[in-house]
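None of the figures in this text is laboratory data; all of them are computed from the coordinates on show. Values in this document were obtained by computation on a predicted structure and should not be read as measured data. Reconstructed Cβ throughout: ideal geometry from the backbone, glycine too, with neighbour counts over all protein chains shown.
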Amino acid sequence: MNNDQSAIYSSIISAISQVRRVVITTHVNPDGDAIGSSLALWHWLRGRGIDASVVLPNAAPSNLRWMPGASSMLTFGPASMQLIDTAEVIVVLDLNTLTRLGELGQRIAASTARIINIDHHTHPQDFAHIAHIDTSACSTCAMIGQLLFTGGAASDISPEIATCIYTGIMTDTGSFRFPRTTEAVFRLVADLVEKGADPVVCFDEVMNQSSFGRTKLLGAALASLTLRSGGRLCTMTVRRQDLLDTGCSVDDVEGFVHHTLSIAGVQMGILFVEVDGEIKCSFRSKGDVFVRDLAATLGGGGHVHAAGARVRHRAYEEVVAQVTTSAEALFAA
């Protein structure tokens, strides 16, 4: 560990362990990394006698609610506003701008609390008093794991903490197959298993709990696959009626976009989901094809190979046509 890392770990540990009230939050539509890092830190703080709370901008998806401590998480609303207003420290995880928190972000921006940001996304905004940004990290959970293991708190890592961190790393690395899954990641994962994380349980609870309706929805999404740009671009669509027909919500499409990259020759995949009042666009790519800037043109963001955006108050067909044309232009350049 270099001196810069040592200094930031020390400042974070000091800031969050010497106060009484801490609020932890993460981005809208939280994924495994967001929930895992939030709950891992929550367990650690509670173990030190600190009054910590996890407040989410919206509810966690059903396949993540099995995680230890998940029942304690709050969704932002009147009941949680006082927690934000009275917090001494607010830890913002797995996001690089408060706008990804919606109204919760506005509340945090107006608070008097000290804000800590821990994240691995590119182009972070300067909103925190202490920021630990590592764009080379595979996940925010990996950063939390490094913080605890190398920041002097390894002895406090319980099986519950290890399970939360492991789950976040597993999901954000695509079960250890995405770029930035390095030897250091596997060393960290080995330490987490030694601390009590069960890889079989974590995978089964996250990946093998689809409802019958979600499985039918996936079938409809796969039937919509279309190849473009000589087979290098693949698009997938989920219409509002598909959700209604299968009794599913937008949460149920999590992970669908990865199927676009499973086709030989495809370098970029886009999933369009039509929900009330907005179109959700998910982008994935590989190799030297990058999607973050494409998402940014729609007001979104993310990683170079994984990004997303939400477009409001525009016709579905118009958004699909615009985004598809922009994506095809990247291959024509």
Self-check item: Scaled radius of gyration (Cα, divided by 2.2 N^0.38 Å) that segment 1-122 gives
Solution: 1.00
Quiz item: Which whole-percent values make up P(r) of segment 172-328 when all C-alpha to C-alpha distances are grouped in 10 Å steps starting at zero?
Solution: 10, 36, 34, 17, 4, 0
Quiz item: What trypsin sites (Lys or Arg not before Pro) does segment 46-87 have in DSSP loop regions with at most 16 other beta carbons within 10 Å?
Solution: 48, 65
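Hey, can you rank 269-279, 208-218 by average C-beta count inside 10 Å, highest first? Walk me through the numbers on the way to the answer.
Working: 269-279: 19.4, 208-218: 15.1.
Averaged packing, sorted descending, gives the order 269-279, 208-218.
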Practice problem: Work through the residues other than residue 295 whose Cβ is under 13 Å from its Cβ and net out their charges, Lys, Arg +1 and Asp, Glu -1. | Solution: +4
Practice problem: Once you've got the GNM for the chain with C-alpha springs shorter than 10 Å, pick whichever of 305, 259, 129 has the biggest mean-square fluctuation. | Solution: 129
Self-check item: Per-residue ³J(HN,Hα) for segment 276-286, Karplus 6.51 cos²θ - 1.76 cosθ + 1.60, θ = phi - 60°, Hz, x for Gly and Pro
Solution: 4, x, 7, 10, 8, 10, 10, 10, 9, 8, 8
Quiz item: Considering amide H positions built from the backbone, and no H for Pro or chain starts, which residues 5 or more places from residue 24, or on another chain, come under 5 Å of its amide H?
Solution: 53, 54, 55, 91
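Beyond 17 Å, what share of the Cα-Cα pairs of segment 238-333 remains, rounded to the nearest whole percent? Can you show the working numbers first?
Values: 2267 of 4560 pairs.
So the portion of pairs separated by more than 17 Å is 50 percent.
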Quiz item: In whole Å, how far is the Cα centre of segment 185-213 from that of segment 1-70?
Solution: 19 Å
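Could you work out [θ]222 nm for the chain from helices alone, using -39500 (n - 2.57) per DSSP H run of at least four and dividing by all its residues? Round to the nearest 500 deg cm²/dmol.
Values: 12 runs with 134 residues, N = 333.
-12000 deg cm²/dmol, from helical runs alone.
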Quiz prompt | Rounded to the nearest 20 debye, dipole of the chain from Cβ charges on Lys, Arg, Asp, Glu | solution = 240 debye
Quiz item: Which listed residue (193, 321, 22) has the Cα farthest towards the positive end of the charge dipole for the chain, taking +1 on Lys and Arg C-beta and -1 on Asp and Glu C-beta about the Cα centre?
Solution: 321
Quiz item: If one computes the Cα centroid of segment 283-333 and of segment 218-269, what distance in Å separates the two points?
Solution: 14 Å
Quiz item: Using a Gaussian network for the chain with springs between C-alpha atoms less than 10 Å apart, which of these wobbles most: 248, 141, 281?
Solution: 248
Practice problem: With unit charges on the beta carbon (Lys/Arg positive, Asp/Glu negative), name the residue among 75, 146, 266 whose Cα is farthest towards the positive pole of the charge dipole of the chain. | Solution: 266
Practice problem: Using only the C-alpha atoms of segment 3-207, find the volume of their convex hull and express it per residue in Å³. | Solution: 107 Å³
Quiz item: Out of 170, 143, 81, any idea which swings most in a Gaussian network model of the chain, alpha carbons joined below 10 Å?
Solution: 81
